[in-house]
Amino acid sequence: MMLLYSIIKRQRSTMFSRRHWLHFLTTIPGIGALAAPMAGAAQRVAARDYFKTLGVKPFINAAGTYTALTSSTMPPEVRQAWLYAADHYVHLTKLQDAVGARLAQLLGAEAAMVTSGAAGALTVGTAGVLTGTDPEKIRRLPQLDGMKRVVLTQKSHRFGYDHAVRSTGVRVHEIETVSELEDAVGTDTAMMLFFNDANDRGQIKDEEWVRLGRKHGIPTFNDCAADVPPVENLTKYVKMGFDLVTFSGGKGLMGPQSAGVLMGRKDLIEAARLNTSPFSDTISRGMKVNKEEMLAMLVAVESYLKRDHAADLREWNRRCEEIASAARQVKSVESEVFLPPIANHVPHLGLQWDASVVKISPLEVKAQLAEGDPAIEACPLTSKDRLVFGVWMMQPGDAAKVAQRVRDILRKAAA
Ligand SMILES: *Cc1c(COP(=O)(O)O)cnc(C)c1O
């Protein structure tokens with residue numbers, strides 16, 4: 001701070017008019033601290049309530065890992081890694097090499113890399129499949145002259161995130177049965193895309209998808225973005241034989257929200273890396289990942305592998321029960337704890353009531369929770385008759401606050 005102060009003083013005397021000087025002062029973050037005794041400066045900066053200053057209101061996340069709600073918060077050891085990385089310069093590709101090698105070792109994959117989220121992984125992974133290590137092809141994307149240009153997927157596996165695959169220029173071709181797939185496979189087939197959460201919906205299941213890919217020599221890519229827990233899933237699909245697998249970094253793994261993991265075949269990861277930052281003339285240059293995400297993502301995976309997952313489950317069930325038992329104090333309210341089968345496979349709480357007894361809709365309760373103090377975000381409604389909470393991203397003490405508010409709102413509507 002002393003140094004900054006003397007630099008400013010020097011600049012003031014040499015190069016700034018008074019007006020410019022004032023403008024300069026206001027552009028320096030934390031400059032208010034300069035007016036204070038030096039010893040207090042660091043504390044003052046740390047205590048700044050950024051969101052409040054901006055008029056942006058934080059809330060209790062009683063929904064889950066929704067990107068628009070900023071998904072998850074990083075555990076202390078992950079934040080520590082982030083801050084450590086922020087303090088040092090390194091050669092980015094050397095860090096990528098080292099982090100990738102360690103991730104691969106932890107996850108039982110040939111190779112791995114940190115991406116800009118699972119969606120970023122879908123793009124860089126597909127790009128790698130299309131171009132290999134050919135610099136000409138890498139530069140040419142999304143023009144696919146001289147490259148394979150079709151990605152096969154099951155009709156029931158189409159999802160919004162396949163835009164991240166299509167952005168490489170490929171066309172997605174839908175099939176439903178094995179024989180349709182066999183008919184569709186051709187010299188133009190680049191990749192076979194699988195949406196893990198849709199496993200039960202498609203006619204061709206994960207293992208058979210891998211077998212068919214192998215049979216025809218076509219790389220298979222499994223999007224498992226939201227599919228931990230269980231922790232075993234982190235290694236399951238590479239072991240099963242998928243050539244590429246991605247997980248979101250900022251969902252169940254609680255790493256940086258702007259990161260993800262892509263793992264799989266060594267040649268494909270190498271090619272994927274050539275299609276993104278720090279290389280400028282690439283399709284994924286805009287999906288930049290810096291040292292902070294890389295290191296924090298690695299530490300998040302290490303930390304997640306070591307977690308007491310049984311204790312997490314007990315705590316999530318306890319939170320559900322705490323909210324449910326408070327809500328059930330209101331006449332006609334019924335609760336149900338349910339477990340989505342693959343993605344977000346964690347206990348969720350559903351609340352329902354007799355609308356003629358408790359005269360408020362779930363949508364209105366959700367709105368009142370969001371507007372209250374503290375603000376509380378419940379899950380987006382999937383049925384107009386049921387209010388749902390995802391409790392796994394809450395912080396200690398949150399469940400008690402949610403329980404009380406839900407009970408109060410319902411009780412008032414029942415009076
Ligand atoms: C969340 C999600 C993504 C995107 O993950 P990001 O890490 O936010 O990029 C991709 N695919 C599926 C199935 C998801 O659920």
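Has the stretch 210-218 got at least one residue that is touching a residue at least 40 places away in the same chain (Cβ under 8 Å) and closer than 19 Å to T123 by Cβ?
First pass over the stretch 210-218, keeping only residues touching a residue at least 40 places away in the same chain (Cβ under 8 Å): 218.
Now drop any that are not closer than 19 Å to T123 by Cβ, which leaves 218.
Yes; the residues of the stretch 210-218 include at least one that is touching a residue at least 40 places away in the same chain (Cβ under 8 Å) and closer than 19 Å to T123 by Cβ.
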* Asked: Somewhere in the stretch 100-109, is a residue touching a Phe, Trp or Tyr at 6+ places or on another chain (Cβ under 8 Å) and within 16 Å of the ligand (Cβ to nearest atom)?
  -> no
* Structure fact -> Of the residues in the stretch 276-306 that are in a helix (DSSP H, G or I) and among the β-branched types (V, I, T), the one that is nearest to S248 (Cα to Cα) is V301
* Asked: Which number in (1) more than 16 Å from the ligand (Cβ to nearest atom); (2) free of Cβ contacts under 8 Å to residues at least 12 places away in the same chain; (3) open to solvent by 60 Å² or more (accessible area, probe 1.4 Å); (4) within 25 Å of the chain's Cα centre (by Cα) marks the one condition that A310 misses?
  -> (3)
* Flag for L130 being within 18 Å of I283 (Cα to Cα), surrounded by 14 or more Cβ atoms within 10 Å (Cβ to Cβ), away from the ligand (no atom under 12 Å from the Cβ) and more than 19 Å from the chain's Cα centre (by Cα) -> yes
* To do: Please state which of the following conditions V346 fails to meet, knowing it meets all the rest: (1) farther than 23 Å from L253 by Cβ; (2) touching a residue at least 24 places away in the same chain (Cβ under 8 Å); (3) in a loop (DSSP other than H, G, I, E, B).
  => (1)
* To do: Say whether the condition of being assigned by TED's automatic domain parsing to the domain that holds T131, without any contact (Cβ under 8 Å) to a residue 12 or more places away in the chain and surrounded by fewer than 19 Cβ atoms within 10 Å (Cβ to Cβ) is met by at least one residue in the stretch 261-278.
  => no
* To do: State whether the residues of the stretch 87-100 include one that is touching a helix residue (DSSP H, G or I) at 6+ places or on another chain (Cβ under 7 Å) and more than 30 Å from D267 (Cβ to Cβ).
  => no
* Of the numbered conditions (1) under 14 Å from G264 (Cβ atoms); (2) within 21 Å of the chain's Cα centre (by Cα); (3) away from the ligand (no atom under 16 Å from the Cβ), A121 fails exactly one; give the number of that condition. => (3)
* Structure fact -> Taking the stretch 62-86 and keeping residues closer than 18 Å to P374 by Cα and touching a helix residue (DSSP H, G or I) at 6+ places or on another chain (Cβ under 6 Å) leaves A62, A63
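Would you check which residues across the stretch 78-93 are charged (D, E, K, R) and either surrounded by fewer than 14 Cβ atoms within 10 Å (Cβ to Cβ) or touching a Leu at 6+ places or on another chain (Cβ under 7 Å) (or both) and list them? Write out each step before concluding.
From the stretch 78-93, those charged (D, E, K, R) are 79, 87; that's our starting set.
Within the stretch 78-93, D87 is the sole residue that qualifies.
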* To do: Please go through the stretch 344-384 and pick out each residue that is in contact with a Lys or Arg (Cβ under 9 Å, 6 or more places away or on another chain), within 16 Å of the ligand (Cβ to nearest atom) and either assigned by TED's automatic domain parsing to the domain that holds N222 or open to solvent by less than 20 Å² (accessible area, probe 1.4 Å) (or both).
  => C379
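The values are calculated or read from the model by the stated rules, or taken from the named source; none is laboratory data. Values in this document were obtained by computation on a predicted structure and should not be read as measured data. Reconstructed Cβ throughout: ideal geometry from the backbone, glycine too, with neighbour counts over all protein chains shown. Side chains are part of the model used for accessible areas, which takes the heavy atoms of the whole protein and leaves out ligands, DNA and RNA. Shrake-Rupley method; radii C 1.70, N 1.55, O 1.52, S 1.80 Å.
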